[in-house]
Amino acid sequence: MTRREAREEAFFLLFEHSFKEDGAEEILALAAESREMKISGFGKGLFVGTIEHLAEIDEVMDKALIKWNSERISRVTRTALRLCTYEMMFTPLQTEIAVNEALELIKKFDGEESASFANGVAGGIHKLMAEKA
């Protein structure tokens, strides 16, 4: 499984998590049982890490959403931005790669217009992180 495929699996799990407040382990177990989903260690790490840091991630995203409420963003775009923010904040992955991967997910599952919006939000997140450093 490629990193892109593993990231997409983590995205699906995060999307599922956005509908219910089950813990990461419950969602992983359900995915394995009902969909026979096999997630790589990399994908699992992205999923679990994002869940563990969700409050911090949402706080940064909310600051980057000038005059917007995150609840107004589609679930798909919000999920991809959460994953992207996790990768920018807590992994050594280059920001450009994290943003590009998120934009590809958004284009695939939410459309070009949402990807343009998300690109601006990701830029704001990157700027906030640079100011903190």
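Taken together, the values in this text are just the output of simple stated rules run on the coordinates, not laboratory data. All figures in this text were calculated on a predicted structure; none of them were measured in a lab. Counting neighbours? That spans all protein chains shown, and the Cβs are built from the backbone with ideal geometry, glycine included.
Distance from the alpha carbon centroid of segment 68-107 to that of segment 10-30 works out to 17 angstrom.
In terms of surrounding Cβ atoms within a 10 Å radius of their Cβ, Lys107, Lys20 rank from fewest to most as Lys20, Lys107.
Treat every Asp and Glu Cβ in segment 3-132 as -1 and every Lys and Arg Cβ as +1, leave all other atoms uncharged, and give the resulting dipole magnitude about the Cα centre to the nearest 20 debye.
340
Measuring max minus min along each principal axis, the C-alpha atoms of segment 3-132 give extents of 41, 28, 25 Å (largest first).
Among the chymotrypsin sites (Phe, Trp or Tyr not before Pro) in segment 17-103, those placed in a DSSP loop whose Cβ has at most 12 other Cβ atoms within 10 Å are Phe19.
So which lysines can Lys20 reach, going by Cα to Cα under 25 Å and dropping same-chain residues fewer than 8 places off? In chain and number order, the partners are Lys38, Lys44, Lys63, Lys107, Lys108.
The simple spin-label model puts a point 7 Å past each Cα toward its Cβ; for Glu25 and Lys107 those points are separated by 3.9 nm.
With a Förster radius of 22 Å applied to the C-beta separation of Met1 and Glu96, the computed FRET efficiency comes to 0.45. The relative contact order of the chain, computed from alpha carbon pairs under 8 Å that lie at least 6 residues apart in sequence, is 24 percent. Ranked by how many other Cβ atoms sit within 10 Å of their own Cβ, fewest first, the residues Met1, Met89, Met61 fall in the order Met1, Met89, Met61.
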